[in-house]
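Below is one structure; the comments refer to it alone.
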């Protein structure tokens, strides 16, 4: 329990919200000798900078379940993508120790023109699973997704819930050391939500380290040991889940 699995050290993330005009070689040459123009462009770029995260620090140890809470735009999804390796922070460092299963934007890696069966092997390969492993686990994936009658249907004809169920079933076929979850328990119908929660609980009980984002405070309190409260990209509080969640609810009520 003492082993650090995720460490964020002064992590900051900047996005530029400006819309760049088309670049021309002639204009670039002119601007090269126009110091006032270059200064104005630099100032305008700075004005369009948006810091989604600023100086975020935390450590998550093996077997811990840590929740991320905050209003829309607080930086939660950006933080998950940085931990997953999808984004590189503008400043600071993120270190992870162990294989990661990121359940962010489920189904984003699917080819909509391929069937569900074909996407099992495509998505599984992207996640690093071998073809032989996927073949051995195929029936288990299908059974968990409850999509037996739709495996030869192109995914473009799936509802968002069906797509998420298939993606979840592929992603959780092995027990990862680090699980990154973004609102996964809200996908599918009520029965599948319960089943996905039970699956996640079994992974937690097996020692998986979890970083979990949800707008459901009840779910956060139920599942998480500690909570990071983000507000406008800053860590406002970090500690016991019930205490931090209570403070957060009080701040927005």
Report the equivalent ellipsoid semi-axes for region 62-127 in whole Å, largest first, defined as the square roots of five times the eigenvalues of the gyration tensor built from alpha carbon atoms. 27, 15, 13
Taking the convex hull of the alpha carbon atoms in region 156-206, what volume per residue do you get, in Å³? 75 Å³
Residues in region 68-87 reached by a label modelled at residue 238 [backbone nitrogen below 18 Å; 7 Å Cα→Cβ]: 68-71, 74-85
Hey, what's the Cα Rg ratio for region 109-174 versus the globular rule of thumb, 2.2 N^0.38 Å? 0.96
Pair-distance profile P(r), taking every C-alpha pair of region 183-239, with 10 angstrom steps and integer %: 21, 50, 24, 6
For a footprinting-style exposure proxy, rank 181, 86, 155 by other Cβ within 10 Å, fewest first. 86, 155, 181
Provide, as a two-decimal number, the C-alpha radius of gyration of region 93-234 over 2.2 N^0.38 Å, N being how many residues it has. 1.07
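Laboratory data are not the source of any read-out in this text; all were calculated from the coordinates shown. Just so it is clear, the model here is predicted, and its values are computed rather than measured. Backbone-built Cβ (ideal geometry, glycine too); neighbour counts: all protein chains shown.
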